[in-house]
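This report concerns only the one structure given below.
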Amino acid sequence: MHTRTVLCIDDDNDLLAMSRTYLEAAGYRVLTALSGTDGLAIMANEAVDAVVVDYHMPDMDGEAVARELRQHFPAVPVVLFTGDIENLPSSVLEHVDLSIAKGAPTKNLVTALAQLMRGTQAGWPKPRSLRRFNVAVPILVKVQRGAASETFPGKSVNLSEGGTGAAFERELRVGEVVSLNLDLSPGRVYLKVPAQVRHSSGQVHGFEFLQTTPAQRKLVRMVCETLAS
């Protein structure tokens, strides 16, 4: 079985060491770089399956690195891993696949990498390539922050096999991984999936589903086509 290689780029050597420890524990081969320039040099000489990059770095920030990666290595997933996720410019989100807060549970990064690298396999559709249907279904979102959790209702404004746009009365943080419970057929069919907040505009949030099965994707597609017809 092929061992996946992850390149971590961060100017904080202690955080790089921590990233190496928990990603190696998850079964990855891990390469590290203390700058964007060094990271791009590694990319030119190593077969890398995914990149995890910080945003605030002195020589090249995370957006500049992601832009170079998109140009020269377009098939490699890029995760922005930063402690300042709420103040990121919207332009950076156009160049990365996912954004994750450094203060979030470690499993969020591991789960996201697994989903993204599964997405590079043949036959797996990229979420952004999937058609979004203008359908409204009830949704419950569960947010876990530290020891506290909160659940509140909302409604989708669009839906696809890869994710949903939904409106809630509470604002969520971009990069946050939450649990969504979608009521696909009122009172009969529920879909519970982990999802990440890709973007936020007031009370409307864009979510990307993480770890869905082929059967779940087929179900969502069927519901979308039925409700949109």
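Summed over the stretch 20-41, the residues that are in contact with a strand residue (DSSP E or B) (Cβ under 8 Å, 6 or more places away or on another chain) and in contact (Cβ under 8 Å) with a residue 60 or more places away in the chain give a count of 2. The combined condition, being under 19 Å from SER99 (Cβ atoms) and either surrounded by 15 or more Cβ atoms within 10 Å (Cβ to Cβ) or under 21 Å from the mean Cα position of the chain (by Cα) (or both), is fulfilled by MET18. Within the stretch 48-61, none of the residues are free of Cβ contacts under 8 Å to residues at least 60 places away in the same chain, farther than 15 Å from ALA101 by Cα and of a type in the set (Gly, Ala, Ser). Selection of the stretch 145-163 for residues being buried (at least 18 other Cβ atoms within 10 Å of the Cβ), of a type in the set (Ser, Thr, Tyr) and in contact with a Lys or Arg (Cβ under 8 Å, 6 or more places away or on another chain) yields only SER160. Within the stretch 198-218, the set of residues being within 16 Å of LEU159 (Cβ to Cβ) and touching an Asp or Glu at 6+ places or on another chain (Cβ under 9 Å) comprises ARG198, HIS205, GLU208, PHE209, THR212, GLN216, ARG217, LYS218. Would a scan of the stretch 33-40 turn up a residue that is assigned to a strand (DSSP E or B), outside the structural domain of SER200 (by TED's automatic domain parsing), more than 19 Å from GLN196 (Cβ to Cβ) and modelled with pLDDT of 95 or more? Yes: one or more hits.
The values are calculated or read from the model by the stated rules, or taken from the named source; none is laboratory data. This structure is a prediction, so every number in the text was calculated from the model and none was measured. Using ideal geometry, Cβ is built from the backbone for each residue, glycine included, and neighbour counts are taken over all protein chains shown.
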